[in-house]
1. Test of understanding: in a Gaussian network model of the chain with alpha carbons linked when under 10 Å, which of GLY236, GLY110, GLY247 would top the mean-square fluctuation ranking?
2. With charges only on Cβ, +1 for K and R and -1 for D and E, what is the dipole size of segment 158-237 about its Cα centre, in debye, rounded to 20?
3. Roughly how many whole Å is it from the C-alpha centroid of segment 21-76 to that of segment 263-337?
4. Normalised radius of gyration for segment 257-355, please: alpha carbon Rg relative to 2.2 N^0.38 Å, two decimal places.
5. Mind checking the dipole of segment 22-120: about its Cα centre, +1 per Lys or Arg Cβ, -1 per Asp or Glu Cβ, Debye to the nearest 20?
6. Looking at the chain as a GNM with Cα springs under 10 Å, which of ASP280, ASP157, ASP62 has the largest mean-square fluctuation?
7. Using the Cα centre of the chain as origin and beta-carbon charges of +1 (Lys, Arg) and -1 (Asp, Glu), tell me which of ASN197, THR77, VAL374 is placed farthest towards the positive end of the dipole.
8. Suppose we take every Cα in the chain and form the convex hull; what volume per residue is that in Å³?
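Coordinate-derived values only; no laboratory data. Worth saying up front: this structure is predicted, and the values here are computed from it rather than measured. A quick note on method: Cβ atoms are made from the backbone with ideal geometry, for glycine too, and the neighbour counts reach across all protein chains shown.
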Amino acid sequence: MGLFGGTPAVKKGDMIYAWTNDAEIKKKAELGGAVTALWKHALESKAVDAVLAIRKGADIYDAQPVLITDPKELASTAGSLHCGTLLLPKYVKKYLDGAKTKKIGVTVKGCDVMGFLELAKRKQINLDNIVMIGVNCGGSVSPILARKMIADKFGVDPDKVHKEEIDKGQFIIEYEGGHKGISMDELEEAGYGRRSNCRRCNYKIPRQADLACGNWGVIGDKAGKATFVEVCSEKGAHLVSGAVKSGVLATEAANPKGLEMRGKVEGAMFKLGDKWRKHDFTALGANLWETINKETSRCIKCYSCIENCPVCFTAADELKKDTLMIKRGELPPNSMFHLRRFAHISDTCINCGQCEELCPMDIPMALFSHAIRVEGDAAFEPKLGKAAYTN
Ligand code: FAD
Ligand code: SF4
Ligand code: SF4
Ligand code: SF4
């Protein structure tokens with residue numbers, strides 16, 4: 001039976017609306033607090049030993065990973081932080097022994113799920129001990145760029161903003177003295193908005209997690225008050241059933257019209273992702289070597305792109321050694337330094353954006369890596385995440 005016992009009332013494949021009965025969680029939650037309530041039940045019932053989630057640090061730009069073992073502390077993790085660009089699987093590998101001995105619950109975006117799957121393939125993570133609650137993801141915004149965008153495009157002091165949300169295609173801020181929304185399309189045309197890897201991303205509803213939770217498809221009197229939950233696994237079915245039984249979660253069947261709308265929004269997001277791929281990859285293809293040479297000429301060989309990549313970490317130490325073509329201390333490094341890494345991730349890059357986001361020289365590494373992987377996918381098998389995702 002795995003982590004959970006008994007026969008669940010909810011089944012794999014069910015589509016439901018869910019919300020919490022816990023007043024404290026409800027107050028802080030994004031859309032009814034189902035995710036946090038499910039974690040509360042998971043900890044209280046000892047289905048997991050700890051929950052790895054994200055909570056607000058100093059301000060809305062400061063998304064911090066936190067490991068919770070006391071269910072009373074979970075309310076502090078409720079709410080969505082759209083400037084939270086972290087990738088959680090690497091924390092499980094690095095600090096939690098790859099979940100080899102402890103059962104860990106993790107809230108995941110699509111790129112987190114893909115990171116877990118790739119780490120599991122490399123035997124760095126024990127997926128049997130992981131429960132994943134997925135959140136649908138339209139995209140996240142780099143915290144540094146968000147501050148600049150809020151100052152330049154919204155004309156608001158970024159330090160005065162206490163809440164942000166992405167709703168109906170707008171980035172919306174609440175600040176001392178008012179609130180303001182600007183369409184994401186307009187922001188992205190101006191070079192702001194979602195990270196460039198997120199624009200190209202097609203992991204929208206994370207069905208490879210145990211549950212996929214989000215706003216899309218919640219209509220009628222539950223709009224804004226509940227989360228749409230797709231039950232994607234037996235583990236997920238047990239978790240929801242147990243939480244309902246314990247009283248922390250309430251559910252009802254999803255409205256069929258809402259289900260249809262959710263499918264349409266997902267389809268529209270795929271089209272948008274394809275549009276950005278065409279835009280980014282065509283421009284890159286027109287001037288490939290010049291662009292890669294020009295951009296990587298700034299490289300200071302700090303290894304951050306290697307160390308933070310979920311799929312090339314095993315090679316991190318090897319990639320630091322001298323070879324016939326790559327010499328320690330040579331700056332900028334010989335092109336082979338980057339070519340070798342591109343070869344390494346050519347069939348596994350999950351387009352999570354960590355290499356680009358954490359590059360101190362702002363080199364668009366995720367663009368190069370993603371383009372190479374998509375080209376590879378077009379020709380070779382096996383394709384990344386073939387079972388559930390388009391690319
Ligand atoms: P809560 O009970 O409020 O719990 C939220 C959970 O999300 C907590 O566990 C929290 O730690 C975690 N979390 C917060 N920020 C992050 C982050 N950056 N990365 C990983 N985990 C995080 N739904 C849609 O239908 N369409 C969208 O386009 C969409 N985009 C999203 C983009 C981001 C970056 C995030 C984080 C969520 C997005 N969602 C989207 C999901 C939606 O905002 C809610 O998270 C979901 O409906 C669950 O609501 P809740 O009240 O049950 O969650
Ligand atoms: Fe969301 Fe995809 Fe960006 Fe990850 S890469 S934050 S899943 S849009
Ligand atoms: Fe993520 Fe970059 Fe590694 Fe690709 S190469 S998986 S975008 S860190
Ligand atoms: Fe070079 Fe940037 Fe990678 Fe550092 S993170 S090694 S500067 S490309």
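1. GLY247
2. On the way: 13 positive and 14 negative charges, 52 e Å.
Computed charge dipole of segment 158-237: roughly 240 debye.
3. Centre-to-centre (Cα) distance: 34 Å.
4. Numbers: Rg = 18.0 Å, N = 99, 2.2 N^0.38 = 12.6 Å.
After normalising by residue count via 2.2 N^0.38 Å, the value is 1.42.
5. Details: 15 positive and 12 negative charges, 33 e Å.
For this selection, approximately 160 debye.
6. ASP157
7. VAL374
8. 146
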